[in-house]
Amino acid sequence: MKQLNKLIFASALALAIAAPAMAAPAAYLTDPAHTVARFSYSHFGYSTQLSRFDKTSGKVVFDPVAKTGSVEIEIDMKSVNTGVPLFNEHIQAADFLDTAKYPTATFKSTKVNFKGDKPATIEGKLTIKGVTRPVTLTVSSFQAMPHPMLKKDAIGANASTTIKRSEFNAGKYAPNVSDEVRIDVALEAIKE
């Protein structure tokens, strides 16, 4: 009986010591100054046009021990920035983004796949102009560490996917102006 009690005590002690190392899922809010969605496409084959959305918000949940996570991002479509104000208005029209009717786009993850200790792909649903389609973001870099200036835990990632704009009712001038659009997301988020 003494041996059993010692074993139970040792097991309980080991669990108590290990408990702090078992991280629970942590929630992070995106940093609007360092989170941006960019998009690029071929313009009649002449050049690859690069544009961005200046306003995003979102939340990330990350559990490095369980290797799980989730991502929710909202993009203010009226914040589109092509570098030319007149063109910003042009692509907000009904034939393209239709921001009067659909002012936001969203991405909500359904699964985060890890390779080793880091997320490798993020599967989810992208909604643009009221149309929701599955997409997979490929993560090209990921970092989790204390933020050197804010002194809080932070995470950051770069990820990309390619969509067909015609699948979101935004296909005007395709295929001359490329139907395929690459989306790149640079994300930084601070622990709540």
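The values are calculated or read from the model by the stated rules, or taken from the named source; none is laboratory data. Keep in mind that what you see is a predicted model, and the values were worked out from it rather than measured. As a convention, Cβ positions derive from the backbone with ideal geometry for all residues, glycine included, and neighbour counts pool all protein chains shown.
Listed by first and then second residue, the pairs linking a residue in the stretch 63-84 that is touching a residue at least 12 places away in the same chain (Cβ under 8 Å) to a residue that is outside any loop (DSSP other than H, G, I, E, B) and acidic (Asp, Glu), with Cβ atoms under 8 Å apart and 6 or more places separating them unless they lie on different chains, are GLY69/ASP63.
Number of residues in the stretch 98-135 that are closer than 19 Å to SER160 by Cα and charged (D, E, K, R) equals 7.
What's the total number of residues in the stretch 127-170 that are in contact with a helix residue (DSSP H, G or I) (Cβ under 7 Å, 6 or more places away or on another chain) and either at pLDDT below 95 or assigned to a strand (DSSP E or B) (or both)?
Initially, the stretch 127-170 is screened for residues in contact with a helix residue (DSSP H, G or I) (Cβ under 7 Å, 6 or more places away or on another chain), giving 128-129, 131, 133.
Pick out the ones that are also either at pLDDT below 95 or assigned to a strand (DSSP E or B) (or both) and you get 128, 131, 133.
Looking only at that region, the number is 3.
Filtered by the rule that a residue be touching a strand residue (DSSP E or B) at 6+ places or on another chain (Cβ under 7 Å), closer than 30 Å to LYS191 by Cα and hydrophobic (A, V, I, L, M, F, W, C), the stretch 52-91 gives PHE53, VAL60, VAL61, PHE62, VAL71, ILE73, ILE75, MET77, VAL80.
Name the residues in the stretch 115-131 that are polar (S, T, N, Q) and within 16 Å of THR99 (Cα to Cα), would you? Give the steps one after another, and end with the answer.
Here is the first cut: in the stretch 115-131, the ones polar (S, T, N, Q) are 121, 127.
The answer is THR127, and nothing else.
Every residue, every condition in (1) over 14 Å from PHE96 (Cβ atoms); (2) under 12 Å from the mean Cα position of the chain (by Cα); (3) of a type in the set (S, T, N, Q), yes or no:
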residue	(1), (2), (3)
GLN143	yes, no, yes
LYS152	yes, no, no
ASN158	yes, yes, yes
ILE163	no, no, no
SER166	no, no, yes
LYS172	no, no, no
VAL177	no, no, no
VAL181	no, no, no
LEU187	yes, yes, no
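Residue check: ASP95 meets all listed conditions (1) modelled with pLDDT of 95 or more; (2) surrounded by 12 or more Cβ atoms within 10 Å (Cβ to Cβ); (3) closer than 28 Å to VAL177 by Cα but one, namely (1).
The set of residues from the stretch 92-149 being among the acidic types (Asp, Glu) and in contact with a strand residue (DSSP E or B) (Cβ under 7 Å, 6 or more places away or on another chain) comprises just one member, GLU123.
Kindly check whether there is at least one residue in the stretch 14-27 that is touching a strand residue (DSSP E or B) at 6+ places or on another chain (Cβ under 8 Å), assigned to a strand (DSSP E or B) and either modelled with pLDDT of 95 or more or crowded, with 16+ Cβ neighbours inside 10 Å (or both). Write out each step before concluding.
Initial filter on the stretch 14-27 (touching a strand residue (DSSP E or B) at 6+ places or on another chain (Cβ under 8 Å)): 23-27.
Applying the additional criterion that residues be assigned to a strand (DSSP E or B) yields 26-27.
Filter again for either modelled with pLDDT of 95 or more or crowded, with 16+ Cβ neighbours inside 10 Å (or both), leaving 26-27.
Yes.
Taking only the stretch 94-128 into account, find how many residues are touching a residue at least 12 places away in the same chain (Cβ under 8 Å) and either within 20 Å of ASP184 (Cβ to Cβ) or of a type in the set (Asp, Glu) (or both). Summing the residues that are touching a residue at least 12 places away in the same chain (Cβ under 8 Å) and either within 20 Å of ASP184 (Cβ to Cβ) or of a type in the set (Asp, Glu) (or both) in the stretch 94-128 gives 23.
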